[in-house]
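Participant: Below you'll find the structure I mean.
The values are calculated or read from the model by the stated rules, or taken from the named source; none is laboratory data. Note that the coordinates shown come from a computational prediction; the quantities given were computed from them, not determined experimentally. When we count neighbours, we look across all protein chains shown, and the Cβ atoms used for this are built from the backbone with ideal geometry, even at glycine. Please note that ligands, DNA and RNA were not included when accessible areas were found on the heavy atoms of the full protein model with its side chains. Shrake-Rupley method; radii C 1.70, N 1.55, O 1.52, S 1.80 Å.
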Amino acid sequence: MEGYLNKETTSLRGTLVPAKTLNKMISKIPVLGDIIIPKEIGEGMFGVSFKIKGPSGKVKTIINPIRTITPRFIQKIIDRNKKVK
């Protein structure tokens with residue numbers, strides 16, 4: 001999770017990876033597991049991407065359904081391409 005929190009506004013975003021056991025099993029597949037499951041701590045094949053934004057007392061949580069069902073390795077490729085442009 002990353003973002004900021006001050007007296008007036010909250011703005012956070014992050015990803016929750018709920019399927020730890022499934023991700024571990026996939027990561028043990030030779031070669032394929034190394035490609036599909038990132039090696040960063042807290043990463044996995046599937047994750048719930050969310051944003052928490054708003055003024056104090058009226059914070060809203062937004063979940064991106066497309067990023068939630070898209071495998072993380074595909075999201076990483078798309079994010080890298082956005083940074084290059």
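Participant: Quote the FRET efficiency, to the nearest 0.05, computed for residue 28 versus residue 6 with a Förster distance R0 of 35 Å and r equal to the Cβ-Cβ distance.
Facilitator: Taking R0 as 35 Å, the efficiency between residue 28 and residue 6 is 0.20.
Participant: Using only alpha carbon positions, build the gyration tensor of the chain, then give the equivalent ellipsoid semi-axes as the square roots of 5 times its eigenvalues, largest first, whole angstrom.
Facilitator: Square roots of five times the eigenvalues give 29, 15, 11 Å.
Participant: Would you mind working out the accessible area per residue for the chain, using a 1.4 Å probe, and quoting it in Å²?
Facilitator: Roughly 79 Å² per residue, with all protein chains present.
Participant: Below 8 Å, C-alpha to C-alpha, sequence gap of six or more: please give me the relative contact order for the chain in percent.
Facilitator: Answer for the chain is 28 percent.
Participant: Once neighbouring chains are kept in place and the probe is 1.4 Å, which whole percent of the accessible area of the chain is contributed by carbon and sulfur?
Facilitator: Accessible surface attributable to carbon and sulfur in the chain totals 64 percent.
Participant: Nearest 10 degrees, 0 to 90: what angle lies between the long axis of helix 72-84 and the longest principal axis of the chain (Cα atoms)?
Facilitator: Taking the Cα atoms of the chain, the angle to 72-84 is about 60 degrees.
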